[in-house]
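Colleague: Have a look at the structure that comes next, please.
The values are calculated or read from the model by the stated rules, or taken from the named source; none is laboratory data. Just so you know, these numbers come straight off a predicted model, no measurement behind them. Counting neighbours? That spans all protein chains shown, and the Cβs are built from the backbone with ideal geometry, glycine included. Note: accessible area is taken over every heavy atom of the protein model, side chains too, but ligands, DNA and RNA are not part of it. Shrake-Rupley method; radii C 1.70, N 1.55, O 1.52, S 1.80 Å.
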Amino acid sequence: MSGFLGALRERLGEPGLLVGGDLAAYENDWRKRYVGRALAVARPASTGEVATVMRLCHEHRVAVVPQGGNTGLVGGSTPDDSGRQLVLSLTRMKRIREIDVANASLTAEAGCVLADVQAAAAGAGMLFPLSLAAEGSCTLGGNLATNAGGTQVLRYGNARELCLGLEVVTATGEVWQGLSGLRKDNTGYDLRDLFIGSEGTLGIITAATMKLYPVPKEKLTALAACGKLHDTVALLGLARERAGDALTGFEVMNRASLALVARELPQLVQPLAPAEWTVLLELSDAESAEHARGVFEGLLEAAFERGAVTDAAIAQNLEQAKAFWHLRESIPLAQAQAGLNIKHDISLPVSAIPGFVAEMDTALSTYMPGIEVIDFGHLGDGNLHYNVQAPRGVAPAEFLAAHEAAINERVYDAVQRRGGSISAEHGIGRLKREELQQRKDPTALALMRSIKRALDPLDLLNPGRLV
Ligand SMILES: Cc1cc2nc3c(=O)[nH]c(=O)nc-3n(C[C@H](O)[C@H](O)[C@H](O)COP(=O)(O)OP(=O)(O)OC[C@H]3O[C@@H](n4cnc5c(N)ncnc54)[C@H](O)[C@@H]3O)c2cc1C
C-alpha cells in the first residue's frame, strides 16, 4: 500500500491526503452506529484530481468509499473496519460554477454544502428548493447519490426531479461530462438517472446542474393539532383542494415525538398543547401575502368545522415560522441524544398510512409493552419515519441487538403488504442491504447487479453497499 499512498500524496499534495492521525470524523457515521477504519482519506480539489484518485485505485485495486457531509443514516458513507478502504471526501470541491437565471439553473460542485447552494440561488434572486434538517452539513453530491427528499418534495420533487445534468468520474477514472442544463434531451439511456440514488456504487458525482424556481412572494407556516391520524389525512386532502400547488410542506409528528423533543431539548418552545398528532403546514404563494393568508385561514377554519383540527397556531413572522420548522427538524437530534433506535424510513400510499400505523402500534406494544414509537415525517409524500425506541430503562444497544430483526420483519411485512417501500429517502447503504435482497423484485435486483458489473467490474466503488 505504501506505493499507492505515495502516488496519491504526489498527485494530491499535502492538503489532499490524510493518513493516520485522528480520522474519526470520516470513519464514523452520524448516528455512531458504524465505526470504521480507513486506509486514508483522499480530499481532491478538482474533477481532474478525482479522476486521478480513481485511476490509481483501479490500478492498485483499492476500494473507495465516496463521502460528502457524512450525514447519511444507513451506513453508506463510512469505511468498514478492514483498514483497506479509501475514503474519498468531496468536501474540498465546493465551487458554484454557474448560475443561469434565464435558464433557471445552477451548476455546483459535489462538495457544496446544501445550505450554501440555497444561499447562492437566493443571492441570484431564485429559489433552490431542496431542504432537509441536515442542510448545514450535507452536500449536493450526497443529496444526489441518495436521491434526497426532505421537506419540499410535495411541491418540487426530490433531488432526482431537481437535477438537469451531472458530471461523473467512473470507476476507471474517466470523466462523463453530462452537465447539461437542458430540460429536453432524448438521446438514449438516461445516465443521469442511473447515477442519482446509486449511493456511490456506480461513479463519483463531481458536479451537477440543478433547477431553480422563482422565490415565492409569501410563505406561511402553521401548526395544527389533530386527534387521529385519519384527521391528518383529511387535512391533507383539504389543503390540496384549497391550496393546490401552493402547499409546499405537510409534516406530521406524533405525541411521543414531541414529548421526546420536550425531554431532550427543553429549551424549544412548543406552541400547542400536546395532541395525538401535530401537523406542520407550509404554504408558499406566488400571488401576495394577503392572498396566502386568506387561503390559509379559510383552510384551517374549514378543518375546524369538519372536526379534523382541534387547535392551531399560524406563525406571525419569519422567526416563528423558523421555530415551528426547527421543532420538527429537531426530532432526529432528540432521538440521537436519547440513544440508538430502530429506524424505518418507509413509504406508503397516503391512504394506507392510518391502517399501517394502527396495525403496527398494536403489534409492537403486544410484542414488547413499553416500546415507544417515534413516528413523524413527510405525510404529504406518504413518507413516515416510524422509529422504534427501547422501553425506558432498557439499554438501547441491547434492545437493538435482541429485537431489531424481529421488529423489522413485522414493520416491513406490513409495509410490503400495502405496496410500500422499505426506503423512502435515506437509501439502502449497509443498514438495509440484506432486507433489500429479501424484498425487492428479483428481476429488478438482477438488472441492478448487471448494471453494477458493467460500470464497476472490480467492485471497487462502495463495495458491500446497496447491491
Ligand atoms: C438530522 C438529519 C436529518 C435528515 N433528514 C433527511 C431528509 O429529510 N430527507 C433525506 O432524504 N435525508 C435526510 N437525512 C439523510 C442525509 O442527510 C441525506 O441522505 C443526505 O442527502 C446525505 O448527504 P451527505 O453529503 O451527508 O452524504 P454522505 O452521508 O456523505 O453520503 C451518503 C451516500 O452517498 C454517497 N456519496 C456521497 N457523496 C457522493 C458523491 N459525490 N458521489 C457519489 N456518491 C456519493 C456515499 O458513499 C453514501 O453512500 C437526514 C440526516 C440527518 C442527520
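Colleague: Can you list residues from other chains, or at least 5 along the same chain, whose modelled amide H is less than 5 Å from the amide H of Ser105?
Modeller: Asp100, Leu212
Colleague: Now for a different question. Residue by residue through the range 412-426, what is 3J(HN,Hα) from phi via Karplus (6.51 cos²θ - 1.76 cosθ + 1.60, θ = phi - 60°)? Round to whole Hz and write x for glycine and proline.
Modeller: So the J values, rounded to whole Hz, are 6, 4, 5, 5, 5, 4, 9, x, x, 10, 7, 9, 7, 9, 7.
Colleague: Which ³J(HN,Hα) values in Hz, rounded to whole numbers, follow from the phi angles of the range 114-127 under the Karplus curve 6.51 cos²θ - 1.76 cosθ + 1.60, where θ = phi - 60° and Gly and Pro get x?
Modeller: 3, 4, 6, 5, 4, 5, 5, 5, 4, x, 9, x, 10, 10
Colleague: Normalised by the residues of the range 139-259, what does the relative contact order come to in percent, with Cα pairs under 8 Å and at least six apart?
Modeller: Working: 137 pairs, mean separation 38.4, N = 121.
Here the relative contact order equals 32 percent.
Colleague: Let me ask something else about it. Where does each of Asp245, Asp29, Asp190 land when they are ordered by accessible area, with a 1.4 Å probe and the largest first?
Modeller: Details: Asp245 110, Asp29 5, Asp190 70 Å².
Listed by decreasing accessible area, they come as Asp245, Asp190, Asp29.
Colleague: Of Leu235, Leu39, which has the most accessible area with a 1.4 Å probe, and how do the rest follow in descending order? Before the final figure, lay out each step's value.
Modeller: Numbers: Leu235 0, Leu39 30 Å².
Largest to smallest exposure gives the sequence Leu39, Leu235.
Colleague: Let me ask something else. Enter the accessible area of Ser351 (Å², nearest 10), with the probe set to 1.4 Å and all protein chains included.
Modeller: 100 Å²
Colleague: Further question on the same structure: List the chymotrypsin sites (Phe, Trp or Tyr not before Pro) in the range 376-424 that DSSP assigns to loop (not H, G, I, E or B) and whose Cβ has at most 15 other Cβ atoms within 10 Å. Which are they? Before the final figure, lay out each step's value.
Modeller: On the way: sites: Phe376, Tyr386, Phe399, Tyr412; in loops: none.
Passing sites in the range 376-424 do not exist.
Colleague: To the nearest 10 Å², what's Arg306's accessible area with a 1.4 Å probe?
Modeller: About 150 Å², ignoring ligands and nucleic acids.
Colleague: Now for a separate question. Tell me which of Leu272, Val215, Gly307 sits at the most positive position along the dipole axis of the chain, charges placed on C-beta atoms (Lys, Arg +1; Asp, Glu -1).
Modeller: Of the candidates, Val215 comes out farthest on the positive side.
Colleague: Accessible area, 1.4 Å probe, largest first: how do Thr146, Thr187, Thr443 sort?
Modeller: On the way: Thr146 50, Thr187 115, Thr443 90 Å².
Result, largest first: Thr187, Thr443, Thr146.
Colleague: May I ask for the distance between the Cα centers of the range 113-139 and the range 249-327, given as a whole number of Å?
Modeller: Each part reduced to its Cα centre gives a spacing of 23 Å.
Colleague: For the chain, what % of the accessible area comes from carbon and sulfur atoms, probe 1.4 Å? Mind dumping the intermediate values first?
Modeller: Numbers: 10150 of 19410 Å².
It is 52 percent, rounded to a whole number.
Colleague: What are the lysines whose alpha-carbon lies under 24 Å from the alpha-carbon of Lys94, with same-chain residues fewer than 8 places away excluded?
Modeller: Excluding near neighbours in sequence, the set is Lys211.
Colleague: Just the accessible area per residue of the chain, please: how many Å² with a 1.4 Å probe? It would help to have the intermediate numbers written out before the result.
Modeller: Values: 19410 Å² over 467 residues.
Here the per-residue accessible area is 42 Å².
Colleague: Mind checking which lysines have their C-alpha under 25 Å from Lys32, skipping anything on the same chain fewer than 8 residues away?
Modeller: Of all the lysines, those that pass the test against Lys32 - Cα under 25 Å, at least 8 places apart if same chain - are Lys343, Lys432.
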